[in-house]
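Shown next, in structure tokens, is the structure this report addresses.
The values are calculated or read from the model by the stated rules, or taken from the named source; none is laboratory data. The shown structure was predicted, so the numbers you read here are calculated from the model rather than taken from an experiment. We place every Cβ from the backbone using ideal geometry, glycine too, and count neighbours over all the protein chains shown.
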Amino acid sequence: MATVDVDVLARPREAAPAVARRRRRPLRPGRVVLNAFLIATALCWLAPLLWAVYTSLRPYAETAERGYFSLPSQLNFDNFANAWNQADLPRYYLNTLIVVVPALILTLLFASFVAFAVSRFDVRINLALLMVFTAGNLLPPQVIITPLYRMYLKIPLPYWMNDLGTLYDSYWGIIAIHVAFQLGFCIFVLSNYMKTIPYDLTEAALVDGASVWRQFWRIILPLCRPALAALATLEFTWIYNDFFWALVLMRTGEKRPIVSALANLEGVFFKDNNLIAAGALLAALPTLIIYFALQRQFVRGLTLGATKG
């Protein structure tokens with residue numbers, strides 16, 4: 001009988017070279033075209049941002065003499081310092097915080113109420129109620145600006161909340177319009193997400209004697225944290241970047257959010273585009289920080305609730 005070398009059997013089998021193990025996939029023309037298209041699209045989206053950064057680092061005198069399509073002789077951060085001081089950006093950051101935080105909290109709170117009722121209770125008007133809330137997102141803001149402006153001038157407020165005594169030119173008016181316009185999308189997403197939660201959980205809680213409020217606050221809402229995080233990221237970005245409502249419904253320039261307040265950097269007789277580019281980048285900085293910190297929730301929010309109807 002042939003003898004078997006035990007040491008040879010115990011010795012681990014040598015790993016094959018990585019090149020030999022890896023199967024080279026043939027380079028298909030369709031994939032090359034797709035990658036080229038994606039790279040070109042990404043560059044098109046990044047081009048305005050990169051151009052704004054390039055413009056903000058150049059002095060105005062140099063661009064006025066040579067033009068914007070020229071090589072720079074020097075790059076500095078003077079425009080950022082001037083924009084920070086001339087536009088009084090810290091005040092407008094605070095104004096934006098006053099608008100964004102209450103609008104975000106109220107939107108998610110009211111949307112969770114309606115989504116809970118639509119998704120967990122079998123009522124005939126559920127579909128009609130959901131359509132009413134989502135139909136508001138189909139109207140462009142420009143369509144309702146005239147009746148909304150007249151309505152804001154007539155709705156009274158205490159004088160300690162606004163000098164005019166109406167909803168116009170007040171933080172409450174901007175918060176209310178943001179809540180009204182963002183509710184439809186949030187209700188649609190949250191209702192679809194709540195439908196994925198098993199009904200056995202609420203039925204078991206009902207058997208144990210839990211009230212409707214306890215079912216919502218203790219069971220459903222904690223399970224909706226991923227959806228709420230994704231929506232909070234999206235809504236913060238949308239409300240923060242609003243320019244239209246604050247410009248139309250705010251008369252006092254010192255009370256406007258930071259995006260609308262960038263108009264203060266425009267001169268009377270000329271426009272310093274370098275300074276405006278620096279101010280725009282400073283204004284966009286919080287949204288970039290939020291996006292990179294919560295980009296997983298941001299991407300999830302783009303498709304959340306899209307596969308459950």
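Sort through Ala20, Ala87, Ala83 and tell me the only one that's within 15 Å of Gly279 (Cα to Cα) and at pLDDT below 80.
Testing whether each residue is within 15 Å of Gly279 (Cα to Cα) and at pLDDT below 80 leaves just Ala87.
Count, please, the residues in the stretch 208-250 that happen to be touching a residue at least 24 places away in the same chain (Cβ under 8 Å), charged (D, E, K, R) and part of a helix (DSSP H, G or I).
1
Yes or no: the stretch 251-260 includes at least one residue that is more than 18 Å from Ile290 (Cβ to Cβ), free of Cβ contacts under 8 Å to residues at least 40 places away in the same chain, hydroxyl-bearing (Ser, Thr, Tyr) and touching a helix residue (DSSP H, G or I) at 6+ places or on another chain (Cβ under 9 Å).
Checked against the condition, which is being more than 18 Å from Ile290 (Cβ to Cβ), free of Cβ contacts under 8 Å to residues at least 40 places away in the same chain, hydroxyl-bearing (Ser, Thr, Tyr) and touching a helix residue (DSSP H, G or I) at 6+ places or on another chain (Cβ under 9 Å), the stretch 251-260 yields at least one hit.
For Glu266, all conditions in the list (1) closer than 30 Å to Phe110 by Cβ; (2) free of Cβ contacts under 8 Å to residues at least 40 places away in the same chain hold save one; what is the number of the exception?
(1)
Since Gly305 meets every condition but one in (1) at pLDDT below 80; (2) on the phi < 0 side of the Ramachandran plot, which condition does it not meet?
Only one criterion in (1) at pLDDT below 80; (2) on the phi < 0 side of the Ramachandran plot is unmet by Gly305, namely (2).
Could you name every one of the helices (runs of 4 or more DSSP H) located completely within the stretch 40-129 that has at least 1 residues being touching a Phe, Trp or Tyr at 6+ places or on another chain (Cβ under 7 Å) and within 29 Å of Trp238 (Cβ to Cβ)?
Correct list: 89-120.
For every residue, the table says whether it meets (1) among the aliphatic types (A, V, I, L, M); (2) closer than 15 Å to Thr107 by Cα; (3) surrounded by 14 or more Cβ atoms within 10 Å (Cβ to Cβ).
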| position | (1), (2), (3) |
| --- | --- |
| Asp208 | no, no, no |
| Ala230 | yes, yes, yes |
| Glu235 | no, yes, yes |
| Arg251 | no, no, no |
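Do the conditions hold for Asn85, that is, is it within 27 Å of Ala283 (Cβ to Cβ), in contact (Cβ under 8 Å) with a residue 60 or more places away in the chain and of a type in the set (S, T, N, Q)?
When the stated conditions are applied, Asn85 does not pass them.
Within the stretch 121-145, which residues are among the polar types (S, T, N, Q) and surrounded by 10 or more Cβ atoms within 10 Å (Cβ to Cβ)?
Within the stretch 121-145, Asn126, Thr134, Asn137 meet the criteria.
I'm trying to understand the selection: among the residues of the stretch 132-143, which are within 23 Å of the chain's Cα centre (by Cα) and in a helix (DSSP H, G or I)?
Scanning the stretch 132-143 gives Phe133, Thr134, Ala135, Gly136, Asn137, Leu138, Pro141, Gln142.
Take the stretch 111-160 and flag every residue that is among the aromatic types (Phe, Trp, Tyr) and modelled with pLDDT of 85 or more.
Phe113, Phe116, Tyr149, Tyr152
Please verify whether the stretch 147-160 includes one or more residues that are surrounded by fewer than 10 Cβ atoms within 10 Å (Cβ to Cβ) and under 28 Å from the mean Cα position of the chain (by Cα).
Checked the stretch 147-160: at least one residue is surrounded by fewer than 10 Cβ atoms within 10 Å (Cβ to Cβ) and under 28 Å from the mean Cα position of the chain (by Cα).
Within the stretch 172-179, can one find any residue that is closer than 19 Å to Ala103 by Cα, surrounded by 15 or more Cβ atoms within 10 Å (Cβ to Cβ), free of Cβ contacts under 8 Å to residues at least 12 places away in the same chain and aliphatic (A, V, I, L, M)?
Yes: one or more hits.
For the stretch 128-169, what are the residues that are closer than 20 Å to Val100 by Cα and without any contact (Cβ under 8 Å) to a residue 24 or more places away in the chain?
The answer is Met161, Asn162, Leu167.
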